[in-house]
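Report on one structure; see the data block that follows.
The values are calculated or read from the model by the stated rules, or taken from the named source; none is laboratory data. As the structure is a computational prediction, the values presented were derived from the model and not from experiment. Backbone-built Cβ (ideal geometry, glycine too); neighbour counts: all protein chains shown.
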Amino acid sequence: MRLLDKLSSQLQAEKVDYKGTKEFKPFMVKDTFTDKTLNIVNDGNNDQEFGIAQGKTTNQDLYMDLSAKDWFVFNENYGTSEEKHLVKYIDKLKQKYSKVYLLRNERHFKLFNFDDGRVFEPDFVLFLIKDDISTVMHYQVFIEPKGSHLIKHDEWKNNFLMQLKTEHKIEQLWKDRNYIVWGMPFYNKTDTKPEFEKEFSVLL
């Protein structure tokens, strides 16, 4: 037993603390987002939206024909009600930016928390391009819709998203283009929408 205690204390002393890098490197979208087959099931015995196409949901507050939206990169959205609310919210950004592209992150990429290296896979990444100014602005915005019951549990993810804007590092490769990494607070139509909209107003 004494040997185990000694080993335990020694292992604790040699424990490695991880941190996520703050440096973001460029990768081609076509190499990051590859074709995937998703197996999604909804037996229709409850009111959950996950697994129901946004173009086929009977909830008119969530319904949207995404086949007519060139800014939504995938064919459909089978996400939760919060994810569907977010997609409808993003639709109005077309008025503000030259190009808008929203991609669902189905385990295509991971981020690592700056503080302890914990893995985080944000649900969406939004690409915004504003080119009606002398320096073209490219925004890469990470977004996580979150059900009310999970907001407190995943608070560290929200904190990490808010750190991205001020703490990320990215090499600017072109004089006439500026690339910015941005994180949004959790999106929840009821509980966090005011904070989300306030942050988006800064972005706009």
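Tell me which residues, restricted to segment 151-165, are modelled with pLDDT of 85 or more and either in a helix (DSSP H, G or I) or exposed (fewer than 15 other Cβ atoms within 10 Å of the Cβ) (or both).
Initial filter on segment 151-165 (modelled with pLDDT of 85 or more): 151-164.
Hits for segment 151-165 are Lys152, His153, Glu155, Trp156, Lys157, Asn158, Asn159, Phe160, Leu161, Met162, Gln163, Leu164.
Given the structure, is Asn59 part of a loop (DSSP other than H, G, I, E, B), exposed (fewer than 12 other Cβ atoms within 10 Å of the Cβ) and without any contact (Cβ under 8 Å) to a residue 40 or more places away in the chain?
Details: part of a loop (DSSP other than H, G, I, E, B): yes; exposed (fewer than 12 other Cβ atoms within 10 Å of the Cβ): no; without any contact (Cβ under 8 Å) to a residue 40 or more places away in the chain: yes.
In short, no.
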Phe142 fails exactly one of the following numbered conditions: (1) at pLDDT 90 or above; (2) part of a strand (DSSP E or B); (3) over 18 Å from Glu199 (Cβ atoms). What is the number of that condition?
-> (3)
Could you tell me whether segment 173-188 includes any residue that is within 17 Å of Lys130 (Cα to Cα) and part of a helix (DSSP H, G or I)?
-> no
Would a scan of segment 26-42 turn up a residue that is at pLDDT below 80, under 27 Å from Val100 (Cα atoms) and polar (S, T, N, Q)?
-> yes
Mind checking which pairs have a first residue in segment 82-97 that is of a type in the set (Asp, Glu) and a second that is part of a helix (DSSP H, G or I), Cβ under 9 Å, 6 or more apart or different chains?
-> Glu82/Ser148
With criteria (1) assigned to a strand (DSSP E or B); (2) touching a residue at least 24 places away in the same chain (Cβ under 8 Å); (3) under 21 Å from Ile40 (Cβ atoms), Val100 comes up short on (3)
